[in-house]
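Novice: Attaching a single structure in structure tokens format; questions to follow.
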Amino acid sequence: MQFLATFIMKGRMQAMTVASSLALLSLLFPPVSIVSSAAVSLVTLRRGASEGLYVLICSCLAAAVLSTLLIGNYQYALLYGLAFWLPVWLISIVLREGRYLTLAIEIAVLLGVAVVLGIYTIQEQPVQLWREVLSFMLQPMLDGKTDVPLEQIKQSAELLAHFMSGVAAAGSVYGLLFGLFLARWWQAALYNPGGFRAEFLALKGHVHLTLVTLLVAGIAMLTSGKTAELCWNVLLVLLVTYTMIGTAVLHAAFSVMKGSRFMVPFLYVTLMLIPHVMLVIVLCGLTDTWLDLRNKLKPNGA
């Protein structure tokens, strides 16, 4: 995908073309939104906040025109700009000025926490809202177009409704960070080969945020009702930080093992195929704050 980064950096028009066109394409294939966000992020990382903002605003206008012509609705472009491009622009500024990937990740996570707190502030019954959303999404299954028992679907939807605020916010943060990572990788590939790899593998959590995460987890386990529900949802977002750090820790450890050429890809394939491995990743990320697991996981003589 380096050719796309080269095209984006040729000028404003090229960057706006990629961002706006891929924004509309993401209606059909949602993961494309990551590449669209990365276009705005790359310009911001390389050329600064003002240039990134210029591309962001013009891309919104271009996407609005395109969406009006194609689907007759310009609001989608404005919503896209607020939900995807504006947050990635903000954390790109943090990364450009602060030069620490961990800080950018933590800011993105705190934005996600703010979203969860906002939902619980605005909505008196967030669970009821998510029940309605899930009911609409699962309607084909509820109509009997599946082999899964109807009662099991309803029970799963009811349970998920209590955590959907955190799930939705965490999913958005992941999308935001993947866009930032892609942009940073592009920037490194064009101007600093190998830079992103070193930056990612050096990820390390800050003690204060780790302590807050453990405190929130403790409150969630020791309380009940709406307080516990809010804490569990906030915790889901906070743990995004430690999935990133834990992945970096294991990647760094596997990369110095014999057969690292195969071990590192095996790590990521395992993450995709066995979701429960994410618990190990989170624990690695949390404990690395104090234990410096990268050195402890290195084989002897590495």
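The values are calculated or read from the model by the stated rules, or taken from the named source; none is laboratory data. These numbers come from a predicted model, not from an experiment. Here Cβ is always computed from backbone atoms with ideal geometry, including for glycine, and neighbour counts include all displayed protein chains. For the accessible areas, the whole protein counts, side chains as well, though only heavy atoms, and no ligand, DNA or RNA atoms are used. Shrake-Rupley method; radii C 1.70, N 1.55, O 1.52, S 1.80 Å.
Novice: All but one of (1) surrounded by 15 or more Cβ atoms within 10 Å (Cβ to Cβ); (2) at pLDDT 90 or above; (3) farther than 26 Å from Phe196 by Cα; (4) not hydroxyl-bearing (Ser, Thr, Tyr) hold for Ala114; which doesn't?
Specialist: In the conditions (1) surrounded by 15 or more Cβ atoms within 10 Å (Cβ to Cβ); (2) at pLDDT 90 or above; (3) farther than 26 Å from Phe196 by Cα; (4) not hydroxyl-bearing (Ser, Thr, Tyr), Ala114 misses (1) alone.
Novice: Can you name the residue in the stretch 46-64 that is surrounded by fewer than 19 Cβ atoms within 10 Å (Cβ to Cβ) and of a type in the set (D, E, K, R) and is also nearest to Leu95 (Cα to Cα) among such residues? Give the derivation first.
Specialist: Our first condition is that a residue be surrounded by fewer than 19 Cβ atoms within 10 Å (Cβ to Cβ); within the stretch 46-64, this holds for 47-51, 53-54, 57-58, 61.
This time we only want the ones that are of a type in the set (D, E, K, R), so: 47, 51.
Working: Arg47: 13, Glu51: 15 Å.
Checking each candidate, the answer is Arg47.
Novice: Given the criterion closer than 30 Å to Leu117 by Cβ and surrounded by 23 or more Cβ atoms within 10 Å (Cβ to Cβ), identify the matching residue among Ala248, Ala253.
Specialist: Working: Ala253 fails: closer than 30 Å to Leu117 by Cβ.
None of the other options fit; the residue is Ala248.
Novice: Kindly indicate whether Ala19 is at pLDDT 95 or above and closer than 21 Å to Leu66 by Cα. Spell out how you get there, then give the answer.
Specialist: On the way: at pLDDT 95 or above: no; closer than 21 Å to Leu66 by Cα: yes.
Taking the combined requirement at face value, the residue does not satisfy it.
Novice: Could I ask something else about it? Checking Pro193 against (1) over 24 Å from Arg131 (Cβ atoms); (2) in a helix (DSSP H, G or I); (3) free of Cβ contacts under 8 Å to residues at least 12 places away in the same chain, only one condition comes out false. Which one?
Specialist: Unmet for Pro193, out of (1) over 24 Å from Arg131 (Cβ atoms); (2) in a helix (DSSP H, G or I); (3) free of Cβ contacts under 8 Å to residues at least 12 places away in the same chain: (2).
Novice: Using the structure shown, decide if Ile34 is assigned to a helix (DSSP H, G or I), within 14 Å of the chain's Cα centre (by Cα), at negative phi and β-branched (Val, Ile, Thr). Even if it seems obvious, please write down each step before you answer.
Specialist: Numbers: assigned to a helix (DSSP H, G or I): yes; within 14 Å of the chain's Cα centre (by Cα): yes; at negative phi: yes; β-branched (Val, Ile, Thr): yes.
So Ile34 passes the test.
Novice: Which members of the stretch 205-220 meet the condition of being over 17 Å from the mean Cα position of the chain (by Cα) and either of a type in the set (D, E, K, R) or not in a helix (DSSP H, G or I) (or both)?
Specialist: Step one: filter the stretch 205-220 for residues over 17 Å from the mean Cα position of the chain (by Cα), giving 206-220.
The answer is His206, and nothing else.
Novice: Looking at this structure, is Tyr174 touching a residue at least 24 places away in the same chain (Cβ under 8 Å), within 30 Å of Met9 (Cβ to Cβ), open to solvent by 20 Å² or more (accessible area, probe 1.4 Å) and part of a helix (DSSP H, G or I)?
Specialist: Here the answer is yes, as Tyr174 does meet what is asked.
Novice: Does the stretch 166-186 contain any residue that is among the hydrophobic types (A, V, I, L, M, F, W, C) and more than 26 Å from Glu97 (Cα to Cα)? Walk me through it before giving the result.
Specialist: Of the residues in the stretch 166-186, the ones among the hydrophobic types (A, V, I, L, M, F, W, C) are 167-170, 173, 176-178, 180-183, 185-186.
When the remaining residues are screened for being more than 26 Å from Glu97 (Cα to Cα), the result is 167-168.
Within the stretch 166-186, one or more residues are among the hydrophobic types (A, V, I, L, M, F, W, C) and more than 26 Å from Glu97 (Cα to Cα).
Novice: Let me ask another. Working carefully through the options Ala39, Ala77, Ala83, Ala19, find the one that is among the aliphatic types (A, V, I, L, M) and without any contact (Cβ under 8 Å) to a residue 60 or more places away in the chain.
Specialist: On the way: Ala39 fails: without any contact (Cβ under 8 Å) to a residue 60 or more places away in the chain; Ala83 fails: without any contact (Cβ under 8 Å) to a residue 60 or more places away in the chain; Ala19 fails: without any contact (Cβ under 8 Å) to a residue 60 or more places away in the chain.
From the options Ala39, Ala77, Ala83, Ala19, the qualifying one is Ala77.
Novice: Residues that are open to solvent by 20 Å² or more (accessible area, probe 1.4 Å), in contact (Cβ under 8 Å) with a residue 40 or more places away in the chain and either under 21 Å from Ala104 (Cα atoms) or not hydroxyl-bearing (Ser, Thr, Tyr) (or both): does the stretch 257-271 have at least one?
Specialist: Start the filter on the stretch 257-271 by keeping residues that are open to solvent by 20 Å² or more (accessible area, probe 1.4 Å), which leaves 257-266, 268-271.
Going one step further and asking which of them are in contact (Cβ under 8 Å) with a residue 40 or more places away in the chain, we end up with 257-258.
Of the ones still in play, those that are also either under 21 Å from Ala104 (Cα atoms) or not hydroxyl-bearing (Ser, Thr, Tyr) (or both) are 257-258.
Yes - at least one qualifying residue is present in the stretch 257-271.
Novice: Kindly indicate whether any position in the stretch 55-63 is closer than 17 Å to Trp185 by Cβ and out of contact with any strand residue (DSSP E or B) (no Cβ under 6 Å at 6 or more places or on another chain). Before the answer, list the steps.
Specialist: We begin by selecting, within the stretch 55-63, every residue closer than 17 Å to Trp185 by Cβ; these are none.
Looking for residues that are closer than 17 Å to Trp185 by Cβ and out of contact with any strand residue (DSSP E or B) (no Cβ under 6 Å at 6 or more places or on another chain), one finds none in the stretch 55-63, hence no.
Novice: Val237 versus (1) under 26 Å from Phe29 (Cα atoms); (2) among the aliphatic types (A, V, I, L, M); (3) free of Cβ contacts under 8 Å to residues at least 24 places away in the same chain: which is the lone unmet condition?
Specialist: Condition not satisfied by Val237: (3).
Novice: Continuing with this model, one more query. Please tell me if Trp232 is at pLDDT 95 or above and more than 22 Å from Val282 (Cα to Cα). Walk me through it before giving the result.
Specialist: Numbers: at pLDDT 95 or above: yes; more than 22 Å from Val282 (Cα to Cα): no.
In short, no.
Novice: Return the residue satisfying two criteria in turn: it lies in the stretch 65-98 and is modelled with pLDDT under 80 and either open to solvent by less than 40 Å² (accessible area, probe 1.4 Å) or charged (D, E, K, R) (or both), and of such residues it is nearest to Pro30 (Cα to Cα).
Specialist: My answer is Tyr80.
Novice: Looking only at the stretch 10-45, filter to residues that are among the aliphatic types (A, V, I, L, M) and surrounded by fewer than 18 Cβ atoms within 10 Å (Cβ to Cβ); which one of those is farthest from Val94 (Cα to Cα)?
Specialist: To start, the set of residues in the stretch 10-45 that are among the aliphatic types (A, V, I, L, M) comprises 13, 15-16, 18-19, 22-25, 27-28, 32, 34-35, 38-40, 42-43, 45.
Keeping just the survivors that are surrounded by fewer than 18 Cβ atoms within 10 Å (Cβ to Cβ) gives 13, 25, 27-28, 32.
Working: Met13: 25, Leu25: 28, Leu27: 29, Leu28: 31, Val32: 24 Å.
Restricting to residues being among the aliphatic types (A, V, I, L, M) and surrounded by fewer than 18 Cβ atoms within 10 Å (Cβ to Cβ), the top hit is Leu28.
Novice: Quickly run through the stretch 187-238 and pick out the residues that are over 30 Å from Met9 (Cβ atoms) and touching a Gly at 6+ places or on another chain (Cβ under 6 Å).
Specialist: Asn233, Leu236, Val237
Novice: Here is a follow-up. Any idea how many residues of the stretch 203-225 are modelled with pLDDT under 90 and open to solvent by 60 Å² or more (accessible area, probe 1.4 Å)?
Specialist: Qualifying residue count for the region: 1.
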